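Contents: one structure, followed by commentary.
Here, each number is a calculation from the coordinates, and none is a lab measurement. A quick note: this is a predicted structure, and the numbers were derived from the prediction, not measured. Cβ: placed from backbone, ideal geometry, glycine included. Neighbour counts: every protein chain shown.
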Amino acid sequence: MLNNFFNKFRKDLGIDLGTANTLVYVKGRGIIINEPSVVAVNTRTEQILAVGNEAKEMLGKTPPHIITSRPLIGGIIADFEVTEKMLKHFIDKVHEGSFSFMTRPRVVVGAPIDITEVERKAVSDALLNSGASEVFIVEEPMAAAVGSRMPITEPVGNFIVDIGGGTTEIAVISLSGVVKWKSIKIAGDEFNYNISQYAREMFNLLVGERQAEEIKIKIGSAVEMQERMVYPMRGRDMVTGLPKEVMISDAEVREALSRSLRVIVENIKGTLEVTPPELVADIHERGILLTGGGALLRGIDQLIMRATQIPVRIADDPLTAVVRGASILLDDARLLEEVAVYPNRRGE
C-alpha cells in the first residue's frame, strides 16, 4: 500500500544516452533535458564542476587542472565513473522540487545496436547506481523507429538510418525485431573532425571542435546547393602561431565531408544487398527513414536517394526520435518486453 502511494510520485524516464547529447523524457512532462554529454572535472579535488551546456562552454578553454571530457565514445561508456555522475546530475535535476526523490524511476534507455553484453551491463549499472529501480535497454534504431511511429510490429520491411554523434546505425526492422543491421563509427563527430582536418591540410589552420561543428551546421551539405554559402573559419595559423580567419565555402566543406558520407552510403547499400527480397520490396515502396542529428545535414536525403534509387524522408524532429521512442515504450509494457535487449532491476 505504501509502495502504491509512492509510485504516484514516481517519474519514469526515457533516456537517449548519446555520444554528443543526452536527452531525458519524464513521463507526464515531456522532454525536459537536452544537453551535451560533456562533463568538466577538477583533477585536484576530483569534483564535477559542470555538466551539459555549462561544461561544453568550457571545451578548449580550461586550465590544466580542469578537464572537460565526453564520457561516452561511439555511444559506449568510456569512463564509467564520470558517466554515472553525469546521469545522477540529470536524474537529480528531474527530481528538483518534487516528492519523486523518494521513489526510484523505471528507465528505458537507447543504446547502440552492436553493444556487447559487458557494455550493456555498464549502461545498466550506471543507471541503477544513479537512482533507477529498473532499466530496459533498447537498440537505438528500434527506439527511433518507435518514436517515428513506424509499424515495427507488422510483417513489413522498415528501413531506418540513425545518424548520431558517435555512430551511424542502419537497420531493417520487421515483426518487432532487427532483421539486418550495420553500425559504423562515422557520424556527426567524425564530420567535425573531417572539417578540422581539411582546415589543417588546405589552410594550415588549427580549428577547434566547436568551431568545426558550427561550420558544419551553418554551411555543411551533402549535395551541391542552389546558392553558394561562405562562413568565417577562425583558428591558429600553423606557420605563424597567430590567430587567423579565412572564409570557407560550402563546396569546400562538402569536399571535407565527402569521404565519410560515401562510407555511410556504401553501408546503406551493403545492408540492402543482404536484406531478404520480400523486405527489400517493402522498403522500395515505403522508403528509407533518416533520424538523428546527422539527418539535418543539408541534402543528405537526396544523396542517399540518388545512390539507392529509393525514396528517403527525414523524421519529424530527428534529434528526439530515440527519446520519443523510449517515452512510448514506457506506456506500452508488451512492446517494451518484445524489444528490450537487457531488462534489469535492482534487487530488493
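Give the shape of the chain as rounded, prolate or oblate, defined through the alpha-carbon gyration tensor: a ≥ b ≥ c are the square roots of its eigenvalues, a/c under 1.5 means rounded, and otherwise the shape is prolate if a/b is larger than b/c and oblate if not. It is oblate, given that a/c is not under 1.5 and a/b is not larger than b/c.
If you average the C-alpha positions of the stretch 68-132 and of the stretch 188-207 separately, how far apart do those two centres end up, in angstrom? Rounded to whole Å, the Cα centres lie 32 Å apart.
Within 11 Å, Cβ to Cβ, of Leu297, how many net charges do the neighbouring residues add up to if Lys/Arg are +1 and Asp/Glu are -1?
For residues surrounding Leu297, the net value is +2.
Listed peptides 25-38, 145-158 appear in the order 145-158, 25-38 once ranked by packing, highest mean of other Cβ atoms within 10 Å at the front. Under 5 Å between amide hydrogens, built in the peptide plane, is the criterion, and for Thr22 it picks out Glu35, Ser37 among residues at least 5 positions away or on other chains.
Of all DSSP beta bridges confined to the chain, the antiparallel ones make up roughly 70%. Just want the answer: with Cβ charges of +1 for Lys and Arg and -1 for Asp and Glu, which residue in Val239, Val207, Val253 is farthest toward the dipole's positive end in the stretch 188-256? Comparing the listed Cα positions along the dipole, Val239 ranks first. Per-residue packing, averaged as other Cβ atoms within 10 Å, sorts the ranges 159-166, 258-265 into the order 159-166, 258-265, beginning with the highest. For the cross-link pairs Lys56/Lys182; Lys61/Lys121; Lys121/Lys269; Lys180/Lys218; Lys56/Lys88, the ones whose C-alpha atoms lie over 23 Å apart are Lys56/Lys182; Lys61/Lys121; Lys121/Lys269; Lys180/Lys218. Note on the chain: with charges restricted to the Cβ of Lys and Arg (+1) and Asp and Glu (-1), its dipole about the Cα centre is near 600 debye. Look at the alpha carbon pairs under 8 Å that are at least 6 residues apart: their mean separation over the length of the chain gives a relative contact order of 19 percent.
The relative contact order of the stretch 125-230 comes to 15 percent, based on Cα pairs under 8 Å that sit 6 or more residues apart. Summed over qualifying helices (DSSP H, 4 residues or more, each -39500 (n - 2.57)) and divided by its residue number, the chain shows a 222 nm mean residue ellipticity of -11500 deg cm²/dmol.
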